1. Of all residues in region A:129-175, which are in a helix (DSSP H, G or I) and of a type outside the set (Gly, Ala, Ser)?
2. If we scan region A:10-19, do we find a residue that is within 14 Å of chain B (Cβ to nearest Cβ), free of Cβ contacts under 8 Å to residues at least 40 places away in the same chain and more than 8 Å from DNA strand C (Cβ to nearest atom)?
3. Hey, does region A:220-230 have a residue that's crowded, with 23+ Cβ neighbours inside 10 Å, out of contact with any Gly (no Cβ under 7 Å at 6 or more places or on another chain) and within 28 Å of A:PHE76 (Cα to Cα)?
4. Assigned by TED's automatic domain parsing to the domain that holds A:PRO130, in contact (Cβ under 8 Å) with a residue 40 or more places away in the chain and hydroxyl-bearing (Ser, Thr, Tyr), is that true of A:TYR80?
5. Would it be correct to say that B:ALA40 is facing chain A (nearest Cβ under 9 Å) and touching a helix residue (DSSP H, G or I) at 6+ places or on another chain (Cβ under 8 Å)?
6. Would region B:228-237 turn up any residue that is within 14 Å of chain A (Cβ to nearest Cβ) and closer than 22 Å to A:ALA298 by Cα?
7. Within region B:21-61, can you find the residues that are near DNA strand D (Cβ under 8 Å from one of its atoms) and among the small types (Gly, Ala, Ser)?
Protein chains: 2
Amino acid sequence: MRPTLQTVADAVGVSRSTVSNAYSRPDQLSTDLRDRILSAARDLGYAGPNPTARSLRRGRAGAIGVLFTTGLSYAFSDPYAVQFLRGLAESVERHDTGMLLIPMSNTDEEASARAVADAVVDGFCVYCVPEWHASLAAMRDRQLPVVTTEIRDDHRGDEIQVGIAERPAMAAAARHLHALGHRDVAVLIADMAPATAAGPLRVDSPDAIRYYVDRERAHGVAEVFPWAEVTLINAAGNSRGAGAAAAAHVLDRAERPTAILACSDVLALGALDAVAARGLRAGADISVTGFDDVPEAARAGLTSVRQPSVSKGALAGELLLENKRETADRRVLLPTELIVRASTGPAPSRS
Amino acid sequence: MRPTLQTVADAVGVSRSTVSNAYSRPDQLSTDLRDRILSAARDLGYAGPNPTARSLRRGRAGAIGVLFTTGLSYAFSDPYAVQFLRGLAESVERHDTGMLLIPMSNTDEEASARAVADAVVDGFCVYCVPEWHASLAAMRDRQLPVVTTEIRDDHRGDEIQVGIAERPAMAAAARHLHALGHRDVAVLIADMAPATAAGPLRVDSPDAIRYYVDRERAHGVAEVFPWAEVTLINAAGNSRGAGAAAAAHVLDRAERPTAILACSDVLALGALDAVAARGLRAGADISVTGFDDVPEAARAGLTSVRQPSVSKGALAGELLLENKRETADRRVLLPTELIVRASTGPAPSRS
DNA sequence: CTCGCGTACTGTATCGATACAGAGGAACTG
DNA sequence: CAGTTCCTCTGTATCGATACAGTACGCGAG
C-alpha cells in the first residue's frame, strides 16, 4: 500500500496533524522537525498529500471546468477560441487554479453530461455551447458558479456574463457593406450541430437559427438588409474547409451575392479560399467580412469585426474566481470595432 | 448547508448506501424506490454525489493532467499541438476521463510545480516540456503513470513513450535539400525558454541545444551537412511572427543561406512570410522546409516532414489509460514522411 | 509564586461519498 | 416444509487528508 500521512507520522513518531502541517503550514512547526519529517517522507516514498483528499477536506477543488463546443476539434482550430482560452488560462493560473477541459460531444450528449456531473471543479466557464445541449442542464444541477461568454436578456439564474453586443457588432459590418452599395448579401454561419446539410438555407427569420450567437449576428444583418433578401449559408462546422465548401455553394450560382458576411474569421478565410479558387478577386468581384479579427485576418486582408479575445478570457476567469463576487459586476459588455481591409469594396455593377 | 447523500436518505427514510446506489448502480434497487429517491433529491436541491468525495473513495480522479509548454500561448497557436490535443481528448473521453490542462509557466516554474502537485489526476501526459523544468520533478514525485511524446534512450523510470524518430525524420529533409544542390543551410529553432536573443546562434554541436526535440532534429541535419557550416537561428518562440523575425536576421545578410530548415511548420510559415516580404521567391531564391505538415503547410506549398498528429495524441491517451498496461508496448514509434512541395527547389547558383 | 502568553505539537471530528459483507423476506425447488 | 436462490436494502468501515480546540511547557512580568 502507498504511504499516507499516517505512515510518515508513525515513522517519525509525531501526529498526523504535524506531518500535514509540515507540508501545508510550515510556520506551525520547528524547522528541525519539519526537515526530519520531509526526509522521512522521502525515504518512505511518500508522494505528498493526496490532492483528492485535500480537496474534499478543504472544500475546494482547485480547478474550473471549461465547457467547449463540438468535440474540441473545431474549438481548438479557431484561433479566436485559442486566444480566449489563453486569457482564461492566465487568470485562472493567477488564482492557483487549474482548467479542466470538458469537450461537448455532439454525438453523445449524455457522455458530456456525465463528464460535467463528475468534474472535480469549483465552477464552470461555458464557451460556445448550444443552449439545448444536455450538459448545460447537468451543469446547472451542480449549482456552482458559472460564467458564460454570451450576454443574454433571457439568461438563467445568476450566471456571470462576459461578452459583446453581438447584434450591433454585426450590424456595423452590414452597414459598411450597405454603404459600399451592396444589396444582395449572404450570411455564412456554422451549424453547431451537424444535422443540417451544408449550403444555402431557408429560414423565415433569424429567430430560427438555433445557436444564440449566430442568431444575434443574423439579427444584426437583418437590421440593415431586409431578411427576405438575405441568403443564409450553412457550413458543416466552424473550420476553414467547411467555410470554403459552404461558400462554394453560392459562388457557383448564376446570381451570386455581391458580399458574404461570415460569423467567424475562420469561415471567412474559407470563403476567401473559395473565392480565390474561382479566380475571383475579393474586394472587387465579391466582398467578404469576418468576425473576431484573428491575426490571420490581418495577413489575409480580411475586413472583420474585432472583439477582445484574450481579455475576454481573462475577465471571465477573474469574475468567476474572485471571491468578492457579490460586489463585482455580474455582466460585462466588451467593446467591438469594425476593421476595414481589402476584402471589402464597392459592389460590382450588375451586368 | 448543502444537502448530502445523508440528507436525502433521511428525507426518504432509507440508508445512505441506497441513495448512493440510486445514482451509481441503478440495478441494485427497485425502480420505484429509485424514482422516489431521485425526486426527493430534486426537491431538496441535492446536486448529485460530490465528485471529490467520490474520487477519494473510488481511488480514481477521472482525469489526466496535461503538461503543456510555455504558458499555453504558443502551445495553442501551433496547429500541430492542437491536433495532438484533439486526438488525446478523443481517446481520453472514450475512457470517461477528463483533461486537466496544466500550463508550464516559464517565469514561475514553482507555480507550475505546485499546480502539478495539487492536480487531481490519475496520470500525466507531457507535451513539449523542456527537461529541466521544475514541474517535471514534481510530476515524478507523484508516482503516477506518465506518457511523453518523446522517444528517448536516456528515459527515466517507466514512462510510456509515443513519438517519432526525430533525427532520421529531419535528416530526410536535409538530404532532400542536399540533393537539390544546397550546401549553405540554416536551421530555425524555437528557444523554449526565452532567455537567448532571437537571431543567429553559435553552438559548437547540436548537443548544446537545450530542448530535446530541437536537439535531435539538429543532429539530423548534422548527419547530412557538416555542422560547422550550418547556421543556427533562434526564434523568440514557436510562433509564426517569431519565425519571421528570426528568419529576417539571416535573409538580410549579404551571404544568406540557400535553404532554411525549420523545426516546426509554424516557424517555417513565418520564414516564408519573411521571404515574401523581401520579394524573394520561395523554392527558387531560397528553399524552406517545415516540420509536422499541418493543414496550413499544404495551403502554403510548404515542403514539410509529416508526422501523425491526431493519432499520436490518441495513442498517448490510449496507452496511458489502458488498464492492461503491463502487456502493452511502453514505447511506440510512429512513422514520418517527407512531403515535397513548392517551397523547395534547386539551389540558386552563386552569383 | 502565580498569572499571562506565545510556541510547538496532539487528538478528535469531519469532509461526502463507496465497498462490501450481510440481513430479511419472497419465491422457487424437490 | 426445509433448503436454496434471488432481490432489496442496511450498516459499518474506509478513502486520506485538514480544521480546530486543546494540552504542555517555557519564560518574562507583577
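1. Scanning region A:129-175 gives A:LEU136, A:MET139, A:ARG140, A:ASP141, A:ARG142, A:GLU166, A:ARG167, A:PRO168, A:MET170, A:ARG175.
2. no
3. yes
4. It is true that A:TYR80 is assigned by TED's automatic domain parsing to the domain that holds A:PRO130, in contact (Cβ under 8 Å) with a residue 40 or more places away in the chain and hydroxyl-bearing (Ser, Thr, Tyr).
5. Numbers: facing chain A (nearest Cβ under 9 Å): no; touching a helix residue (DSSP H, G or I) at 6+ places or on another chain (Cβ under 8 Å): yes.
Answer is no for this residue.
6. Yes, that holds for at least one residue.
7. B:SER30, B:ALA53, B:GLY59
Yes/no per residue for (1) more than 16 Å from DNA strand C (Cβ to nearest atom); (2) under 23 Å from B:PRO26 (Cβ atoms); (3) at the interface with chain A (Cβ under 9 Å from one of its Cβ atoms); (4) modelled with pLDDT of 95 or more:
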site	(1), (2), (3), (4)
B:PRO49	no, yes, yes, yes
B:GLY59	no, yes, yes, yes
B:GLY71	yes, no, yes, no
B:TYR74	yes, no, no, no
B:PRO79	yes, no, yes, no
B:GLN83	yes, no, yes, no
B:ILE102	yes, no, yes, no
B:ASP122	no, no, no, yes
B:CYS128	yes, no, no, no
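The values are calculated or read from the model by the stated rules, or taken from the named source; none is laboratory data. Given the structure is predicted, the values throughout are model-derived calculations rather than measurements. Reconstructed Cβ throughout: ideal geometry from the backbone, glycine too, with neighbour counts over all protein chains shown.
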